[in-house]
Amino acid sequence: MHSTHLIARGACRAPLPRFLMWIAPWVALFALGAYAMFLCLSQGLFHTNMDNRYAFGLWIFLDLTVIALGAGAFFTGFLLYVLHKKELKAVINSAVVIGLTCYSGAMVVLAVDVGQPLRAWFTYYHPNVHSMLTEVTFCITCYLVVLAIEYVPMLLKNRRLKLVPSFLVFEWELHKLMVVFALIGTLLSFFHQGSLGGLFGVLRGRPFAFREGLAIWPSTFFLFVLSAMAVGPSFVALTTWMVEKLARRPLVKPEVYDTLGRISGKLLLGYVFLKTVDTLLWINQTAPDRGFAAHRFYQHSAFGTWILFAEIALFGLLPAFILFQPKLRQRRGFLILAAVMACAGVTLNRFVLTIQTMALPTLPFDRFLSYWPSWQEFAAFGAIAAYAVLVYSFSYRYLTLFPQEREIALAEERS
Amino acid sequence: MFPWVYGFEWHAGYLIFLGVFFTVAVVVVSTVMLALFRTFRDFRQGRAAQLQWASNFHDLPPQHRACRHALTGELEGRVCEQNFDCRECTMHASLLAKQSSAPACCQESEIFGMPVPLDRYYHRGHTWVQAAEDGSLLIGLDELARRVIGKPDSLTLPAPGTTLVANSPALSLSRNGSEVRILSPVDGAVTAVADPGEDWLLRVKPAGNFSPRHLLSGLEVKAWYLRELERLQLSMGLPEGAPSLADGGVLVEDVASVCPKSQWDTACGDLFLNA
């Protein structure tokens with residue numbers, strides 16, 4: 001069987017040797033990271049530069065970031081199947097693959113970070129329901145299962161697999177029930193995105209991260225949900241654009257970008273507004289109530305006030321403005337620039353909450369802590385990135401991630 | 001997690017949390033089970049072939065799903081939503097009432113050098129159907145299909161007795177390492193397969209009263225053929241600029257022998273509705 005017979009008819013893909021050349025460096029990076037993860041799992045976390053004081057490092061930052069960026073999967077599914085934004089059908093498959101790689105990558109790196117994988121089931125069997133992390137664990141696990149189920153129809157539509165009658169009929173029947181998975185995914189994502197933010201907001205001993213909130217949920221709970229919903233569509237637009245550039249052909253119609261940009265812009269604007277209100281409340285009320293003047297958190301050279309400005313204004317307000325303006329977002333360059341900035345903004349937000357929170361002193365005898373990840377941490381980080389690229393590359397090559405690809409090619413040929 | 005497990009507490013927070021978790025788990029598992037159950041039911045009720053076609057049809061780009069009345073210019077730009085099964089289409093029924101759908105007897109048409117006899121019905125997947133005197137139906141490949149495929153490396157015909165469902169694969173052939181599945185134009189049971197040299201491939205006993213309502217006939221065949229030639233050119237002209245049919249030209253006898261394999265494979269997918 002030729003490898004081309006696994007590729008959908010009419011889909012123009014690189015010849016196999018070129019594809020192998022593309023994946024080779026990613027496989028090498030993945031192998032290096034797998035070795036680093038093996039060292040950590042078999043010998044212990046002394047291979048990392050984390051310690052009892054700096055318990056959250058590069059990996060937790062990676063987890064928070066990829067889970068935020070992967071939110072495009074649940075939110076695109078919600079928009080398509082529940083709110084019937086039909087134009088997003090063009091990117092739903094890609095969004096699911098992005099979500100699947102992001103969440104499965106996060107799970108793997110969490111397993112390495114927590115260690116003792118043989119006892120991982122304890123988390124589920126003896127849950128501490130008072131912990132935000134328990135909610136995160138349950139929700140992420142369930143959502144990963146949902147994403148895997150959402151991936152199945154795509155897989156069964158592979159040119160070879162679809163020749164098996166039962167596969168195609170099962171795909172058809174499963175697809176008809178996709179709205180259920182979209183709703184479940186939305187519920188799970190709402191809670192785990194929120195809980196990931198909430199777990200920082202409840203750190204009473206860390207006044208830099210601690211926030212007041214609503215009932216048991218600190219404000220970071222809601223800000224994490226909203227920021228992930230805002231950035232998810234931007235990341236989907238960004239990845240689609242990158243794949244288009246690599247494939248050198250359009251994969252979706254311009255209105256798809258416009259819809260993604262418009263939704264992202266509106267939500268980002270709402271997020272920036274609420275984040276600003278939250279920050280002002282924190283500066284004027286929450287932090288002083290905990291005995292800290294907010295400006296003291298920014299006295300350390302690595303984390304000056306510039307970081308606050310960058311997070312809210314540069315990577316929040318500015319992309320929101322660009323995406324909100326129809327004339328600006330309809331220019332592809334501006335839209336992609338805004339999407340990059342929005343993704344950078346959410347990445348910076350997760351970095352600040354993970355790394356800056358750990359670095360800042362909280363007691364009089366504390367000092368500012370610095371942390372630089374070990375090569376094993378970097379390698380594991382790289383392995384997750386490589387894994388994501390590999391899964392996406394194979395999916396793009398052998399599955400139909402962009403259903404409009406052929407239609408656009410035919411229309412271009414006709415014109 | 002369960003009352004008998006160490007650490008379980010009978011308080012509201014615990015019960016709400018686990019209640020939500022178990023509800024989600026039950027909904028997810030039930031939904032997958034429901035999809036599996038429906039799949040088995042579809043096979044049991046003989047609907048599998050229809051659903052396979054529906055799934056494949058769903059994947060065709062809109063350009064390949066043009067309504068037959070769009071081809072003739074009656075409904076400009078209309079895309080078929082009935083999986084090319086006009087028997088279920090109310091729009092087709094209303095338009096049909098205004099015109100005669102009977103095939104023009106003994107007429108022969110020629111389109112770009114290809115004979116297109118109008119004494120038979122045509123399926124969108126490039127097969128024709130002709131009623132025989134004994135009530136059976138003869139099925140064959142049309143001229144465009146014959147020229148595109150040329151001489152196949154292998155041809156797999158269904159054995160007599162095989163039940164065919166309209167729009168599900170009836171036969172398959174391979175050429176240049178690619179497999180092409182030809183869709184059945186009618187529902188019925190195969191009673192005979194052709195000997196070499198015959199212009200038909202299958203003789204079929206129709207299931208119930210044969211209704212050609214979903215098949216093309218008469219003047220619309222020419223409009224469809226012209227559209228198909230255009231689709232063929234588009235398919236072959238895609239990546240590397242394959243030889244294309246100039247206006248007034250004649251399609252070569254064996255397209256597969258003069259066309260790059262990948263483009264031929266794409267063209268077959270488009271023409272024979274193999275998404």
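Of the residues in region A:94-121, how many are open to solvent by less than 50 Å² (accessible area, probe 1.4 Å) and on the phi > 0 side of the Ramachandran plot?
Summing the residues that are open to solvent by less than 50 Å² (accessible area, probe 1.4 Å) and on the phi > 0 side of the Ramachandran plot in region A:94-121 gives 1.
Are any residues in region A:251-265 open to solvent by 10 Å² or more (accessible area, probe 1.4 Å) and within 16 Å of A:Leu83 (Cα to Cα), and if so, which ones?
Selection gives A:Arg262, A:Ile263.
State all residues of region B:68-79 that are without any contact (Cβ under 8 Å) to a residue 24 or more places away in the chain and either loosely packed, with under 15 Cβ neighbours inside 10 Å or in contact with a strand residue (DSSP E or B) (Cβ under 7 Å, 6 or more places away or on another chain) (or both); if no residue qualifies, say none.
The answer is B:Glu76, B:Gly77, B:Val79.
Kindly indicate the residue of region A:337-367 that is free of Cβ contacts under 8 Å to residues at least 24 places away in the same chain and among the hydrophobic types (A, V, I, L, M, F, W, C) and also most open to solvent (accessible area, probe 1.4 Å) among those meeting that condition.
A:Phe365
Spot the failing condition for A:Ile216; the list is (1) open to solvent by 10 Å² or more (accessible area, probe 1.4 Å); (2) within 30 Å of A:Ile92 (Cβ to Cβ); (3) within 14 Å of chain B (Cβ to nearest Cβ), and only one is missed.
(2)
Would you be able to say whether some residue in region A:181-190 is within 7 Å of chain B (Cβ to nearest Cβ), more than 16 Å from A:Tyr398 (Cα to Cα) and among the hydroxyl-bearing types (Ser, Thr, Tyr)?
Taking every residue of region A:181-190 in turn, none turns out to be within 7 Å of chain B (Cβ to nearest Cβ), more than 16 Å from A:Tyr398 (Cα to Cα) and among the hydroxyl-bearing types (Ser, Thr, Tyr).
Quick check on A:Ser227: is it within 22 Å of the chain's Cα centre (by Cα) and either away from every other protein chain (no Cβ under 14 Å) or not aliphatic (A, V, I, L, M) (or both)?
yes
One residue is enough: does region A:88-101 have a residue meeting the conditions more than 17 Å from the chain's Cα centre (by Cα) and within 14 Å of chain B (Cβ to nearest Cβ)?
yes
I'd like the residue in region B:41-61 that is in a helix (DSSP H, G or I) and exposed (fewer than 14 other Cβ atoms within 10 Å of the Cβ) and, out of all such residues, is farthest from the other protein chains (Cβ to nearest Cβ).
B:Arg44
Going by the structure shown, is B:Asn83 more than 7 Å from chain A (Cβ to nearest Cβ), within 30 Å of B:Leu171 (Cβ to Cβ) and touching a helix residue (DSSP H, G or I) at 6+ places or on another chain (Cβ under 6 Å)?
So B:Asn83 passes the test.
Which residues, counting only those in region A:319-336, are among the hydrophobic types (A, V, I, L, M, F, W, C) and either surrounded by fewer than 16 Cβ atoms within 10 Å (Cβ to Cβ) or more than 21 Å from the chain's Cα centre (by Cα) (or both)?
Answer for region A:319-336, where residues must be among the hydrophobic types (A, V, I, L, M, F, W, C) and either surrounded by fewer than 16 Cβ atoms within 10 Å (Cβ to Cβ) or more than 21 Å from the chain's Cα centre (by Cα) (or both): A:Phe321, A:Ile322, A:Phe324, A:Leu328, A:Phe334.
What residue, of A:Ala379, A:Ala409, A:Ala388, is over 25 Å from the mean Cα position of the chain (by Cα) and surrounded by 20 or more Cβ atoms within 10 Å (Cβ to Cβ)?
Exactly one of A:Ala379, A:Ala409, A:Ala388 is over 25 Å from the mean Cα position of the chain (by Cα) and surrounded by 20 or more Cβ atoms within 10 Å (Cβ to Cβ), namely A:Ala409.
Taking region B:4-35 as the region of interest, how many residues are among the hydrophobic types (A, V, I, L, M, F, W, C) and at the interface with chain A (Cβ under 8 Å from one of its Cβ atoms)?
The number of residues fulfilling the criteria is 11.
Hand me the list of strands (runs of 3 or more DSSP E) wholly inside region B:134-235 holding 3 or more residues that are of a type in the set (Ser, Thr, Tyr), open to solvent by 20 Å² or more (accessible area, probe 1.4 Å) and in the same structural domain as B:Asp85 (by TED's automatic domain parsing).
Hits in region B:134-235: none.
When you check A:Leu58 against the structure, is it at pLDDT below 95, aliphatic (A, V, I, L, M) and over 12 Å from the mean Cα position of the chain (by Cα), yes or no?
Judged against the criteria, A:Leu58 is a match.
Select from region A:154-173 the residues that are more than 14 Å from B:Gln52 (Cβ to Cβ) and of a type outside the set (D, E, K, R) and list them in ascending order.
Of everything in region A:154-173, those that are more than 14 Å from B:Gln52 (Cβ to Cβ) and of a type outside the set (D, E, K, R) turn out to be A:Met154, A:Leu155, A:Asn158.
The values are calculated or read from the model by the stated rules, or taken from the named source; none is laboratory data. Being a predicted model, the structure only gives us computed values, none of them experimental. Cβ coordinates were reconstructed from backbone atoms using ideal geometry, including for glycine residues, and neighbour counts include every protein chain displayed. Each accessible area value is taken on the protein alone, full model and side chains, heavy atoms only, with ligands, DNA and RNA left out. Shrake-Rupley method; radii C 1.70, N 1.55, O 1.52, S 1.80 Å.
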